Amino acid sequence: MPTVSREQPSPSERPPREAHQAREMAESFGVDPERYDRARPRYPDALVERIVAASPGPRVLDVGCGTGIEARQFQAAGCTVLGVDPDARMAGFARRTGVEVEVATFETWDPAGRVFDAVVAGQAWHWVDPVAGAAKAAQVLRP
């Protein structure tokens, strides 16, 4: 009879993984990007306007941009947006709608010396490692 080693907890005893550790779940949204884009609610215009008004300039980095829903809203508000998303299918959809996107997880993405006036992550920050993500955001924000 197989036994479970007490050195390794059984699946039911393991603590749940934090979202940023669940890459396969995070990247499952790209299965049908058209449907995702149609079904996902837009962000309140007042929220976008408030962020734009508080930003020292128009350069916005959209972390986990997905299909570009939030990025397009910031573009419509006069911003220049660069999206970063780990799913090439989602990024492809965003590009077809006019959003510049680089495919990478935010933690491994290379900013190549670029700086931004604002970093936004519409309902995507929980997919980012909280320590590495905060450090990367601090690195790319204009002083």
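Assorted remarks:
- Of the strands (runs of 3 or more DSSP E) entirely within the range 41-138, those holding at least 2 residues that are open to solvent by less than 60 Å² (accessible area, probe 1.4 Å) and of a type outside the set (D, E, K, R) occupy 59-63, 80-85, 118-120.
- The residues of the range 73-100 that are charged (D, E, K, R) and touching a strand residue (DSSP E or B) at 6+ places or on another chain (Cβ under 8 Å), listed by number, are Asp85, Asp87, Arg95, Glu100.
- Whenever a residue of the range 33-59 is closer than 17 Å to Phe93 by Cβ, its partners that are open to solvent by 90 Å² or more (accessible area, probe 1.4 Å), lying with C-beta atoms within less than 7 angstrom and at least six residues away or across chains, give the pairs Pro33/Arg89.
- Cβ pairs under 6 Å, 6+ apart, first in the range 84-99 and acidic (Asp, Glu), second part of a helix (DSSP H, G or I) and crowded, with 19+ Cβ neighbours inside 10 Å: Asp85/Ala91; Asp87/Gly30
The values are calculated or read from the model by the stated rules, or taken from the named source; none is laboratory data. Computed from a prediction, not measured in an experiment: that's the story for all the values here. Here the Cβ is made from the backbone with ideal geometry for all residues, glycine too, and neighbour counts use every protein chain on show. Surface areas here come from the heavy atoms of the whole protein model, side chains and all, with no ligands, DNA or RNA. Shrake-Rupley method; radii C 1.70, N 1.55, O 1.52, S 1.80 Å.
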